[in-house]
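Chemist: I'd like to ask some things about the structure below.
The values are calculated or read from the model by the stated rules, or taken from the named source; none is laboratory data. Everything numeric here is computed off the predicted structure, so don't read it as measured data. For neighbour counting, all protein chains shown are included, and Cβ atoms are generated from backbone atoms with ideal geometry for every residue, glycine included. Surface areas here come from the heavy atoms of the whole protein model, side chains and all, with no ligands, DNA or RNA. Shrake-Rupley method; radii C 1.70, N 1.55, O 1.52, S 1.80 Å.
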Amino acid sequence: MPLQIIVGAQWGDEGKGRIVDWFAAQADVVARYNGGDNAGHSVTVGTQLFKLHLVPSGIIHSRPVAVLGNGMVINPESLLKEMDMLQALGVEISPRRIRLSHAAHLITPAHRALDAALEARRGKGNIGTTGRGIGPAYTDKAARTNLRIADLLAPDFAGRLASHIAAANNTLQSLDAPALEIQPVLDQFAEYVRRLTPFIADTSAETCEVLARGGYVLAEGAQGTLLDLDHGTYPFVTSSATIAAGVFSGLGIGITAARDAVVTGVCKSFQTRVGSGPFPTEVFDDLALRLRGTGANPWDEYGTTTGRARRVGWLDGVLLRYATRINGFTELVITKMDILSGFETLKLCVAYTKDGQTTPDLPFGPTELEGYEPVYETFPGWSEDVSNLRNWDDLPLAARDYLAAISRLAGVPVRLVSVGPEREQIVPR
Ligand code: GDP
Ligand code: IMO
Ligand code: MG
């Protein structure tokens, strides 16, 4: 299998990290193609929990090379912290294992300060960003003024960084936010340059070479389809191409690799969202608490990056079918099936209604969700604990019926389900 793309089918946090980890044992390359440290990907191996933000989840296996692609925005401070954390946990961190695209963009302290100031100015209408400077960094990229990883190597880097901070300070002051002191930022970056230089590479050329010799490249999406800048619930989205198509520009590989690509949509057995924006199947009160958990377990629905409580609801099959179309999913992985054990009945949104009209699909995509009410199909639940099951046929009949309905709605097969956060808690089809 030359190229496999793992994409979130919802609003992020579907369990992409642990699913990438499942496939990564066989991969030659595991590559992130979008986003930055707004992502939080958890992988649990035995009792060890790895929380990854920038380094691809494949790093935990010894085989694959971990690529941070050109489509990413990279905060060097976060990256170095993460590398140190991984090394302390016994993961090899070396230029052999980690390759950093020279064309990826930098996130600076100015981008983070701007993210906070812009959110404060939005007030009640805020996006609920992760505060990691993602939007401001991609804004500078689009304006063609941003600093890139390759610039770290330039002799005049310090001067350019100083100009960047000075320009951001003007904007910060216009937003009534405090300006940044320039010299401490220059000092920090001198250290980042020293430590990151050995990892910088032409990752496009290297990844294409692996594909050309028939190697297995696993592309790890961050965020989810409904947070995509073009195809998500705009403006309540992130600032990058999260969808499968983002792989080609975000890694610098030709689209001919798509010819026999596997596109795996990772979808939770229910729906979650963190931050603002429409959520037609959202539930509240006791039901929400059951789906979210109290926070006592590491897998309860509280953000890996920000710790915020996630909004929760029933699985939205209309949006899942949309995600299947936008990404061209060839298969689905359904995560967190164990969380649904013990519900008497389950609801699955199969259509929407508005003004007395029922539609199985959205006329204008997910931006126009206002006023649409979900139409639910109700399914019997199951009481059995499924977390120790590993064979498809052992899953309760009601669980298989629910999965079959999801597969029918999306029009693609379910290849795996996960029944717990641990690496081995997977039931293959
Ligand atoms: P990602 O951003 O898509 O990688 O997902 P996150 O790691 O942010 O959030 C998924 C959470 O659910 C993490 O805490 C995972 O450890 C956990 N998780 C993943 N799959 C399962 C599962 O099948 N069952 C349970 N209970 N937890 C899971
Ligand atoms: P992973 O990869 C869930 C959300 C934020 C906010 C919006 C914009 O772990 O699935 P940003 O900081 O990107 O400008 O925030 O996007 N968001 C995520 N939600 N999972 C993520 O990543 C997210 N990354 C960003 O909550 O609503
Ligand atoms: Mg996450």
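Chemist: When the residues of region 24-49 are narrowed to those that are within 13 Å of ligand 2 (Cβ to nearest atom) and part of a strand (DSSP E or B), which ends up surrounded by the fewest Cβ atoms within 10 Å (Cβ to Cβ)?
Modeler: Top of the filtered list is Ser42.
Chemist: Now a separate question. I'd like the residue in region 119-170 that is surrounded by fewer than 15 Cβ atoms within 10 Å (Cβ to Cβ) and among the hydroxyl-bearing types (Ser, Thr, Tyr) and, out of all such residues, is farthest from the chain's Cα centre (by Cα).
Modeler: Selected residue: Ser163.
Chemist: Now for a different question. Six or more apart or on different chains, Cβ atoms under 6 Å: show the pairs whose first residue is in region 258-279 and open to solvent by less than 10 Å² (accessible area, probe 1.4 Å) and whose second is charged (D, E, K, R) and more than 16 Å from ligand 3 (Cβ to nearest atom).
Modeler: Filtered contacts from region 258-279: Thr264/Glu331; Gln271/Asp316.
Chemist: Continuing with this model, one more query. For region 280-313, which positions are among the polar types (S, T, N, Q) and either within 16 Å of ligand 3 (Cβ to nearest atom) or open to solvent by less than 20 Å² (accessible area, probe 1.4 Å) (or both)?
Modeler: Within region 280-313, Thr281, Asn297, Thr304, Thr305, Thr306 qualify.
Chemist: A further question on this structure: Pairs only if they're at least six apart or on different chains, beta carbon under 6 angstrom, first in region 364-385 and under 13 Å from Leu319 (Cα atoms) and outside any strand (DSSP E or B), second modelled with pLDDT of 80 or more and open to solvent by 80 Å² or more (accessible area, probe 1.4 Å); list them, first residue then second.
Modeler: Thr367/Tyr234
Chemist: Condition (residue is away from ligand 2 (no atom under 12 Å from the Cβ), touching a Gly at 6+ places or on another chain (Cβ under 9 Å) and part of a loop (DSSP other than H, G, I, E, B)) applied to region 50-69: is it met by at least one residue?
Modeler: Yes, there is a match, as at least one residue in region 50-69 is away from ligand 2 (no atom under 12 Å from the Cβ), touching a Gly at 6+ places or on another chain (Cβ under 9 Å) and part of a loop (DSSP other than H, G, I, E, B).
Chemist: Does region 345-359 hold any residues that are under 18 Å from Ala404 (Cα atoms) and not β-branched (Val, Ile, Thr), and which are they? I'd like the intermediate steps shown before the answer.
Modeler: So the first thing to find is which residues in region 345-359 are under 18 Å from Ala404 (Cα atoms), and the list is 345-351.
Result: Leu346, Lys347, Leu348, Cys349, Ala351.
Chemist: Would you mind listing the strands (runs of 3 or more DSSP E) fully within region 245-329 where at least 1 residues are of a type in the set (Gly, Ala, Ser)?
Modeler: Because the criterion is at least 1 residues that are of a type in the set (Gly, Ala, Ser), the strands (runs of 3 or more DSSP E) in region 245-329 that meet it are 262-268, 311-313.
Chemist: Next question. State all residues of region 319-367 that are under 23 Å from the mean Cα position of the chain (by Cα) and open to solvent by 30 Å² or more (accessible area, probe 1.4 Å); if no residue qualifies, say none.
Modeler: Arg321, Arg325, Ile326, Gly328, Thr330, Lys336, Asp338, Ile339, Thr367
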